[in-house]
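Taking it in order: structure first as structure tokens, then the write-up.
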Protein chains: 2
Amino acid sequence: MRIIDIRDIVVPISSSISNAYIDFSTMTASVVAIVTDVVRDGKPVVGFGFNSNGRYAPQGLLRERFIPRLRDAKSESIEDARGLIDPAKAWAAMMKNEKPGGHGERSVAVGVLDMALWDAVSKAEGVPLWRLLADRYNEGVADKTAWVYAAGGYYYPDKDIQALQDEMKHYLDLGYSTVKMKIGGVPLKDDLKRIEAALKVVGGKGENLCVDVNGRYDLDEAIACGDAIAPYNLRWYEEPLDPLDYLLHAALATRYRPPLAPGENLFSMQDARNLIRHGGLRADRDWLQFDPALSYGQVEYLRTLDMLASHGWSRRRCVPHGGHQFALNIAVGLGLGGNESYPQVFAPFGGFADDTAVTDSRIAMPDIPGIGFEAKNKLYAVMRPMMA
Amino acid sequence: MRIIDIRDIVVPISSSISNAYIDFSTMTASVVAIVTDVVRDGKPVVGFGFNSNGRYAPQGLLRERFIPRLRDAKSESIEDARGLIDPAKAWAAMMKNEKPGGHGERSVAVGVLDMALWDAVSKAEGVPLWRLLADRYNEGVADKTAWVYAAGGYYYPDKDIQALQDEMKHYLDLGYSTVKMKIGGVPLKDDLKRIEAALKVVGGKGENLCVDVNGRYDLDEAIACGDAIAPYNLRWYEEPLDPLDYLLHAALATRYRPPLAPGENLFSMQDARNLIRHGGLRADRDWLQFDPALSYGQVEYLRTLDMLASHGWSRRRCVPHGGHQFALNIAVGLGLGGNESYPQVFAPFGGFADDTAVTDSRIAMPDIPGIGFEAKNKLYAVMRPMMA
């Protein structure tokens, strides 16, 4: 299995939304197509990858370093015993002459290419990626469905409480039972009104509502908010603090008893390990949101899962950020706790195969080769022209 | 003071050398020129910046995000009270819509631009950067000289012990008393022979020799090497471990008594703080090598120095990686412990103003406006054409 060509484009992944930290109006994503010499059903196997939201298209890094290194790697050096591309060997080729530490940006570039390689390999095998992952790394056991939740509730311009409630109701109508809203962008008393309004929509059940601060609070603010929302027993209190301030996480965890959910802005096994070692999190309740698309891909994610196991954490505590089909395949194939979903934003990159029904906040995966992009028309419309 | 134009080029910072982790034959650097509307001696003030070695030219990131944001920032929004550019405000403009965490790559792009802004501001003031920094942040006190050491001793192809000794002798002849060599790229017993050979050249004095592993060892290897070299009482044992594995640093520090020297692959105040909080380092002997050119520049470095002070660390424990004039100005202006120097590699970016004498491993800074690039002919030959 040889790489014939690697192509990349940049497309908007923008949205007229903002969270407590940034606005997303200029957000972009890179899409790559890795064309191989394997032919299936009369057509060359092409693997696709893209980066999820939050970190911008890494086109410069792709073109300056990571695409050339992958393209220039000798085929024999990145093959497995059966002659297929071995993503772990390809990963090593891409990371050649990269120093340790500094895991950001390049982790996105490598993640995009890693996603495309896994798509290509599972297509070459003629199986869905979730099946390939289950067979290789989970003793053949794949979950029948994945738990998903609807992430939204951003600070849309001029959005008021009625509009927030309408948005949340819409998610329930789509089949979700759990929804997530942004907080931390307005004074706490205003956020509390929004939280209580959203809680009403989900029947007053805290387990059906998550709140997300996007790392905006200092410790005082995180504790003040935590004290105010603790009685609601929310599903989780996401990223209240700077993602790298492990000590503050540990301090907050001594006081806030319901679940916390950090990790989406940690981009390597090493950073994830520091959160586990130093962050004072609780393996019986907290959630971990490392996003494989932003974090050197599935090859690195497997390292992170091994690290978690050695620290007594179940894979079920992992619910990746990003809302993409790549993480959905990983969730089903490796038995994670579920995955994020964006019913209204970050189109066409978020979401599932078309016609996927959400029932009780769970979905089933299609049984088609690869990650499943071809079953998601609006996304495939971006990818298909890259094969021309 | 307004920014008229921002230009960037990519140039090799390559060398036929390798350390224990990577080879440097494809290493590149970005050079930026920020042209302002301030006129001095009949010419517009232009600030220059570049990235030091280890992380590649960030041209894509510069052009995709950081140059456009700086160029598009309203002049009033990045001015200080006197109408000069305020680098901290410019920093905030560059980091707008960037999420927290993931400090790598973009920290280099921002560092390059930050360096150019400080060069421009000190030229507009008509003073050397070290003087400006001393006046603004060190109660007017600048050191008369800076301690420097000669970094080399790489694994050159076919280099043998005689060649290593010749190289070290050459550094002594140049006026250095302290030299540094790479280890970790060959079996320990071979490195020990190299270390003993280098020690002979510096008169058997461990305080005049540093060794650098570039993050290559695991804990067993780091302890084995540490046990072997502890009797030499070397000036420092640099980066024995993965830069983000704070727990391993703490473990090693319980056993290896002479000084350690990590930090060159940590690129933000947050990462540096984690090293200080969780790395078990010893404020009375260990050295910290955060490189402002790779770590969001001087604006962030000031935050790191504040963080260090609050943890009981003296600035004198800081000896930045990178061997550039930017860090030299910071060392003299803010009273650091010294700076790295590369007499034989990474030309023309490493080193001092031309005709700077090294005496007892110390140098004096020239008294010319800005960082001093104009007094370093081979470097200025790269920069000057950017003004055309």
*Please tell me if A:Leu328 is closer than 19 Å to A:Gln289 by Cα, touching a strand residue (DSSP E or B) at 6+ places or on another chain (Cβ under 6 Å) and either assigned to a loop (DSSP other than H, G, I, E, B) or assigned by TED's automatic domain parsing to the domain that holds A:Ile9 (or both).*
no
Out of (1) surrounded by 16 or more Cβ atoms within 10 Å (Cβ to Cβ); (2) in contact with a Lys or Arg (Cβ under 9 Å, 6 or more places away or on another chain); (3) assigned to a helix (DSSP H, G or I), the one B:Ala230 does not meet is (1)
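Restricting attention to the stretch A:270-282, does a residue exist that is away from every other protein chain (no Cβ under 14 Å), farther than 22 Å from A:Asp119 by Cα and not in a helix (DSSP H, G or I)?
Yes, that holds for at least one residue.
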Residue pairs within 6 Å by beta carbon, gap of at least six or interchain, first lying in the stretch B:120-139 and under 19 Å from B:Gly42 (Cα atoms), second among the β-branched types (Val, Ile, Thr) and not in a helix (DSSP H, G or I), listed first then second, are B:Ala120/B:Ile34; B:Ala120/B:Thr36; B:Ala120/B:Val45; B:Val121/B:Ile85; B:Lys123/B:Val45; B:Ala124/B:Val38; B:Ala124/B:Val45
Selection from the stretch A:156-210 of residues within 22 Å of A:Asn339 (Cα to Cα) and charged (D, E, K, R) yields A:Glu167, A:Lys169, A:Asp173, A:Lys180, A:Lys182, A:Lys205, A:Glu207
Looking at this structure, is B:Leu174 touching a residue at least 40 places away in the same chain (Cβ under 8 Å), surrounded by fewer than 19 Cβ atoms within 10 Å (Cβ to Cβ) and more than 22 Å from B:Gly323 (Cβ to Cβ)? no
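Being assigned to a loop (DSSP other than H, G, I, E, B) and either over 30 Å from B:Phe66 (Cα atoms) or touching a Lys or Arg at 6+ places or on another chain (Cβ under 9 Å) (or both) is true for just one of B:Lys189, B:Lys180, B:Lys99. Which residue is that? Before you say what the answer is, go through the steps one by one.
Details: B:Lys189 fails: assigned to a loop (DSSP other than H, G, I, E, B); B:Lys180 fails: assigned to a loop (DSSP other than H, G, I, E, B).
Being assigned to a loop (DSSP other than H, G, I, E, B) and either over 30 Å from B:Phe66 (Cα atoms) or touching a Lys or Arg at 6+ places or on another chain (Cβ under 9 Å) (or both) holds for just one of B:Lys189, B:Lys180, B:Lys99, which is B:Lys99.
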Of the residues in the stretch B:246-269 that are more than 19 Å from the chain's Cα centre (by Cα) and within 10 Å of another protein chain (Cβ to nearest Cβ), the one that is surrounded by the fewest Cβ atoms within 10 Å (Cβ to Cβ) is B:Leu247
Of the residues in the stretch B:268-300, those that are touching a residue at least 12 places away in the same chain (Cβ under 8 Å), more than 18 Å from B:Asp212 (Cβ to Cβ) and of a type outside the set (A, V, I, L, M) number 15
Among the residues of the stretch B:102-150, the number that are outside any helix (DSSP H, G or I) and touching a His at 6+ places or on another chain (Cβ under 9 Å) is 4
Exercise for the section: Say whether the condition of being in a loop (DSSP other than H, G, I, E, B) and either touching a Lys or Arg at 6+ places or on another chain (Cβ under 8 Å) or of a type in the set (A, V, I, L, M) (or both) is met by at least one residue in the stretch A:63-75. Expected result: yes
Just one listed residue, out of B:Arg316, B:Arg303, is among the charged types (D, E, K, R), assigned by TED's automatic domain parsing to the domain that holds B:Leu192 and free of Cβ contacts under 8 Å to residues at least 24 places away in the same chain, and it is B:Arg316
Restricting the stretch A:190-216 to residues that are in contact (Cβ under 8 Å) with a residue 40 or more places away in the chain and not polar (S, T, N, Q), the one nearest to A:Ala150 (Cα to Cα) turns out to be A:Cys210
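Taking A:Gly153 as the residue in question, decide whether it is assigned to a loop (DSSP other than H, G, I, E, B), assigned by TED's automatic domain parsing to the domain that holds A:Ala224 and more than 19 Å from A:Gly323 (Cα to Cα).
Working: assigned to a loop (DSSP other than H, G, I, E, B): yes; assigned by TED's automatic domain parsing to the domain that holds A:Ala224: yes; more than 19 Å from A:Gly323 (Cα to Cα): no.
No: the conditions fail for A:Gly153.
Go through the residues of the stretch A:305-320 one by one and say whether even a single one is modelled with pLDDT of 95 or more and closer than 27 Å to A:Thr26 by Cα.
Within the stretch A:305-320, the first condition is being modelled with pLDDT of 95 or more, and the residues that meet it are A:305-320.
Subsequent filtering for residues that are closer than 27 Å to A:Thr26 by Cα retains A:319-320.
Yes, some residue in the stretch A:305-320 is modelled with pLDDT of 95 or more and closer than 27 Å to A:Thr26 by Cα.
Would you mention how many residues in the stretch B:207-225 are assigned to a helix (DSSP H, G or I), surrounded by 20 or more Cβ atoms within 10 Å (Cβ to Cβ) and not hydrophobic (A, V, I, L, M, F, W, C)?
Taking the stretch B:207-225 as the starting set, the residues that turn out to be assigned to a helix (DSSP H, G or I) are B:207-208, B:219-225.
Add one more test, that the residue is surrounded by 20 or more Cβ atoms within 10 Å (Cβ to Cβ), and what stays is B:208, B:222, B:225.
With the extra rule that they be not hydrophobic (A, V, I, L, M, F, W, C), the set shrinks to B:208.
Here the count works out to 1.
Yes/no matrix, rows are residues, columns are (1) buried (at least 16 other Cβ atoms within 10 Å of the Cβ); (2) within 13 Å of another protein chain (Cβ to nearest Cβ):
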{"position": "B:Asp5", "(1), (2)": "no, no"}
{"position": "B:Ile22", "(1), (2)": "yes, yes"}
{"position": "B:Ala29", "(1), (2)": "yes, yes"}
{"position": "B:Val32", "(1), (2)": "yes, no"}
{"position": "B:Gln59", "(1), (2)": "yes, yes"}
{"position": "B:Arg82", "(1), (2)": "no, no"}
{"position": "B:Gly111", "(1), (2)": "yes, yes"}
{"position": "B:Met115", "(1), (2)": "yes, no"}
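The values are calculated or read from the model by the stated rules, or taken from the named source; none is laboratory data. Small disclaimer: the values here were computed from a predicted structure and weren't measured. Cβ atoms come from the backbone with ideal geometry, glycine included; neighbour counts cover every protein chain shown.
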